[in-house]
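Shown next, in structure tokens, is the structure this report addresses.
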Amino acid sequence: MEIIMKFNRKIALALAIAVLACGFASCKAEDGKISENNTETESASLSESVTDSESVGTDDTDVSDSDNLSKDDAELAKIFTAVKESFGDDWMPNMALSDNELDSIYGIKSEWMDAYKGEIPMISFHVDTFIGVRAADGHADDVEKALNDYYTFENETALQYPANEIKVKAARVYRNGDYVFFIMLGSPADDFTDETAEREFYDKANEGVISIIDEILGSDQA
């Protein structure tokens, strides 16, 4: 009887060791799966990061191409420099537009342009904008229509920003040959006696820009 009890205890001990061993092996297997899953997750994340980097590189290339396009036209460069200098410290636009933004915001397709130059304010409260486009052959009408449509849209939403309403209404779409411009400029001032005086102020500012354009391109092209 004692031998049988000892034998049973040995069996119980062996079974307990076997259970522990199986449990340990199971944990190791689970650890292996977790480690493998983590590796796969990290690999996927790395792959996504590489893809994102490649996308950013592509976008950077597009922007670079846009910058080159905007600098291809000497006349536009002269106009932009002359207009900017005429405003001096009152020049508000300070962020260059890309061809993607010209399409998404203003509706001007890249294939409609041979060259362009445009700037808007970095602070959204301001609306000062200057865009000059040398239209591709046969697309000057398309560019002009797109800018006129944008002008209409801005006027329909101008009431949302009362401080800029008169400046928006005074904006001009101006065409000189194959060159088309959107002009919404004027130094900030808050001492207007009434809306008529404010409108005259911005009209005068925009007419001054048109005079610079005609002086450089020649008014007979209009």
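Return the pair list, or none, for Cβ contacts closer than 6 Å from residues in region 203-217 that are touching a residue at least 40 places away in the same chain (Cβ under 8 Å) to residues that are part of a helix (DSSP H, G or I) and among the small types (Gly, Ala, Ser), at least 6 apart or on different chains. Listed by first residue and then by second, the contacts come to ILE212/ALA82. Here are the criteria: (1) within 28 Å of the chain's Cα centre (by Cα); (2) open to solvent by 50 Å² or more (accessible area, probe 1.4 Å). Tell me which single one LYS204 does not satisfy. So LYS204 meets the others, but not (1). ILE123 satisfies every condition listed in (1) farther than 19 Å from PRO93 by Cβ; (2) of a type in the set (Val, Ile, Thr); (3) assigned to a loop (DSSP other than H, G, I, E, B) except (1).
In this structure, does SER104 turn out to be open to solvent by 60 Å² or more (accessible area, probe 1.4 Å), under 21 Å from THR152 (Cβ atoms) and at pLDDT below 90? So SER104 fails the test. Filtering region 138-168 to residues that are open to solvent by 70 Å² or more (accessible area, probe 1.4 Å), at pLDDT below 95 and among the charged types (D, E, K, R) leaves only GLU156. Within region 167-176, is there a residue that is under 20 Å from the mean Cα position of the chain (by Cα) and not polar (S, T, N, Q)? Looking through region 167-176, none of the residues is under 20 Å from the mean Cα position of the chain (by Cα) and not polar (S, T, N, Q).
The values are calculated or read from the model by the stated rules, or taken from the named source; none is laboratory data. Worth saying up front: this structure is predicted, and the values here are computed from it rather than measured. Because the Cβ atoms are built from the backbone with ideal geometry, glycine has one as well, and the counts that use them run over all protein chains shown. Surface accessibility is based on the protein's heavy atoms, side chains included, excluding ligands, DNA and RNA. Shrake-Rupley method; radii C 1.70, N 1.55, O 1.52, S 1.80 Å.
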